[in-house]
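Just below is one structure, and these are the notes that go with it.
The values are calculated or read from the model by the stated rules, or taken from the named source; none is laboratory data. Predicted model only: the values in this text are computed from it and were never measured. Because the Cβ atoms are built from the backbone with ideal geometry, glycine has one as well, and the counts that use them run over all protein chains shown.
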Amino acid sequence: MSNGSKQNLFKMAEQQLERAFDAIGADANLRAILSQPKNEVIVHFPVQLTSGEVKMFKGYRIQHNNALGPFKGGMRYHHDVHLDEVKALATWMTWKCALAGIPYGGGKGGIKFSPREYSAEDLERITRRFTHALGDNIGPEWDIPAPDMGTNSQIMDWMMDTYANLKSTNNRQTMRAVVTGKSLICGGSQGRTAATGQGVVHCIEAWAERKGFDLDGARLAIQGYGNVGSNVARIMARKGALVVAVGDHTGYFMNQDGLNPAELSQWVQVHRGLNGYPKAEAISREQFFGVECDIMVPAALELQILEEEAKSLKCQMVIEAANGPVDLDGERVIQERGIDLIPDVLANSGGVIVSYYEWLQNKRSESWYKERVEEKLERRMRRIYDQTVMKAEELGVGMRTGAYAIALEKLKNVYGARGLWP
């Protein structure tokens, strides 16, 4: 990982926010309200593993703001999960939901451990104990978790089932809406698995249209080949784009003639990473960020493109498919070099948008066709992309600050209308 892992992610989120506060002329009261999460829930819980060993785990649920609706955000299973990381991610979720125009606030959570080291049965035990430990800190009208790094629809199914069984039997079915990103059979939505990657592609298309850039033959470099990165590769390949470089925590690879997205996915599934992929040249992480391409897609961890990586880039646009992959110095260099940057709160919002559609379907006892979900997602992504561009141009700022400004104005208006009680 980049040395950016040593940075404080929440401090970076605060500095990004200050720029937006200044851009819209926010008063001190709004700054005070939004400067810290509303709730920080930390739980320690024991789990008896299949080996018979009892092990303690540490879990988090950070609830940043709910002025616009219930807290919403992913649950991350990763060995680097820590308080300031989850606080930053919850904060970004507040801006992401407000920008997207969906009635949610920001939340985020997770458990500090490496899920790869545990069996499926142990993961179920850990998930159910974590859900039990959280208790009423989550709920379909209060705080709605979703998948994130290290979690998937199966984790969400277990979480939903545990929560539902903690509630009375006469309203158990309404409890399906406590989480999103579930499997279809358990109340999930068509289109949810690919939604984040699909949203990234909608932003790429909107950017290309504004620039008069032909995506047929466009060259992509993608860091991170999990759910988001692989779906971006797959969807862009259908449009004639070439993935010329990929990388993850196990290694980086390049093939100027293009890589096969489906073969890459199969390799990652079998080998748990890109390491050893035979149909490409192995390169270093430093070489990856210097690959000649049109579009750079960081879709892995946060804090990956710092000042040095930004100086190496040979692309026209960076799109933040991951949360917080570009730090403040990296962003400054990118802007100075005239490279376009589409920020995370816009670029990867497809996941939470379709999560909202899943929540609506659960609450209404409906099941929408995939075409309906995808059409609604595209329309909303295109709208918020255009709004962000216009706000950035109006204020004379970058797209990240423009996106934050839209979100902050909505929160400013709701606090102005509602006031503070008592």
**OP:** Go through region 167-193 and count every residue that is touching a residue at least 12 places away in the same chain (Cβ under 8 Å) and either closer than 20 Å to Glu374 by Cα or in contact with a helix residue (DSSP H, G or I) (Cβ under 7 Å, 6 or more places away or on another chain) (or both).
**Re:** 17
**OP:** Scan (1) modelled with pLDDT of 90 or more; (2) under 23 Å from Pro298 (Cβ atoms) for the single condition Tyr60 breaks and write down its number.
**Re:** (2)
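Residue check: is Val345 more than 21 Å from Lys11 (Cα to Cα), outside the structural domain of Lys314 (by TED's automatic domain parsing) and either in a loop (DSSP other than H, G, I, E, B) or touching a residue at least 24 places away in the same chain (Cβ under 8 Å) (or both)?
no
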**OP:** Return only the number of the condition from (1) on the phi > 0 side of the Ramachandran plot; (2) touching a residue at least 60 places away in the same chain (Cβ under 8 Å) that Phe130 does not satisfy.
**Re:** (1)
Subject >> The lone exception for Asp340 - which of (1) in contact with a strand residue (DSSP E or B) (Cβ under 9 Å, 6 or more places away or on another chain); (2) of a type in the set (D, E, K, R); (3) under 25 Å from Ile24 (Cβ atoms); (4) crowded, with 21+ Cβ neighbours inside 10 Å it fails >> reply: (4)
**OP:** Among the candidates Glu374, Glu331, single out the residue that is farther than 16 Å from Ile305 by Cα, not in a loop (DSSP other than H, G, I, E, B) and not β-branched (Val, Ile, Thr).
**Re:** Glu374
Subject >> Candidate set from region 186-210 (those that are in contact with a strand residue (DSSP E or B) (Cβ under 8 Å, 6 or more places away or on another chain) and more than 19 Å from Gly258 (Cα to Cα)); member that is surrounded by the most Cβ atoms within 10 Å (Cβ to Cβ) >> reply: Val200
Original post:
Within region 269-288, can you find the residues that are buried (at least 18 other Cβ atoms within 10 Å of the Cβ) and either outside the structural domain of Val244 (by TED's automatic domain parsing) or touching a residue at least 60 places away in the same chain (Cβ under 8 Å) (or both)?
Top reply: Phe288
Subject >> Near pairs, Cβ below 6 angstrom, 6+ apart or cross-chain, from region 225-241 (closer than 9 Å to Ser265 by Cα) to any residue that is in a helix (DSSP H, G or I) and of a type in the set (S, T, N, Q) >> reply: Ser230/Ser265
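Looking only at region 151-172, which residues are part of a helix (DSSP H, G or I), hydrophobic (A, V, I, L, M, F, W, C) and out of contact with any Gly (no Cβ under 7 Å at 6 or more places or on another chain)?
Step one: of region 151-172, the residues part of a helix (DSSP H, G or I) are 153-165, 169-172.
If we keep only those that are hydrophobic (A, V, I, L, M, F, W, C) too, we end up with 155-156, 158-160, 164.
Hits for region 151-172 are Ile155, Trp158, Met159, Met160, Ala164.
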Original post:
What about Gln335, is it closer than 25 Å to Ala221 by Cβ and either among the hydroxyl-bearing types (Ser, Thr, Tyr) or out of contact with any Cys (no Cβ under 8 Å at 6 or more places or on another chain) (or both)?
Top reply: yes
Original post:
Given Leu215, Leu220, Leu242, which one is buried (at least 24 other Cβ atoms within 10 Å of the Cβ) and over 19 Å from Ser349 (Cα atoms)?
Top reply: Leu220
Subject >> Conditions (1) surrounded by 23 or more Cβ atoms within 10 Å (Cβ to Cβ); (2) among the hydroxyl-bearing types (Ser, Thr, Tyr); (3) without any contact (Cβ under 8 Å) to a residue 60 or more places away in the chain: number failed by Ser355 >> reply: (3)
Original post:
Among the listed residues Val200, Val228, Val246, Val232, which satisfies the condition of being of a type in the set (Val, Ile, Thr), under 22 Å from the mean Cα position of the chain (by Cα) and not in a helix (DSSP H, G or I)?
Top reply: Val246
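Residue under question is Asp161, and the condition is that it be without any contact (Cβ under 8 Å) to a residue 40 or more places away in the chain and within 29 Å of Glu85 (Cα to Cα); does it hold? Outline the logic, then answer.
Details: without any contact (Cβ under 8 Å) to a residue 40 or more places away in the chain: yes; within 29 Å of Glu85 (Cα to Cα): yes.
Against the criterion (without any contact (Cβ under 8 Å) to a residue 40 or more places away in the chain and within 29 Å of Glu85 (Cα to Cα)), Asp161 qualifies.
In region 105-147, which residue that is part of a loop (DSSP other than H, G, I, E, B) and out of contact with any Leu (no Cβ under 8 Å at 6 or more places or on another chain) is farthest from Trp95 (Cα to Cα)? So that I can check it myself, show each step before the final result.
Start the filter on region 105-147 by keeping residues that are part of a loop (DSSP other than H, G, I, E, B), which leaves 113-114, 118-119, 138, 140-142.
Checking the rest, the ones that are also out of contact with any Leu (no Cβ under 8 Å at 6 or more places or on another chain) come to 113-114, 119, 138, 140-142.
Details: Phe113: 28, Ser114: 29, Ser119: 36, Ile138: 20, Pro140: 20, Glu141: 19, Trp142: 18 Å.
Filtering first and then ranking leaves Ser119.
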Original post:
Within region 306-324, which residues are without any contact (Cβ under 8 Å) to a residue 40 or more places away in the chain and closer than 21 Å to Lys11 by Cα?
Top reply: Glu307, Glu308, Ala310, Glu320
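Could you check region 304-317 and list, in sequence order, the residues that are more than 14 Å from Arg219 (Cβ to Cβ) and surrounded by 22 or more Cβ atoms within 10 Å (Cβ to Cβ)?
The initial filter retains those residues of region 304-317 that are more than 14 Å from Arg219 (Cβ to Cβ), namely 304-312.
Residues satisfying the conditions are Gln304, Ile305, Glu309, Ala310.
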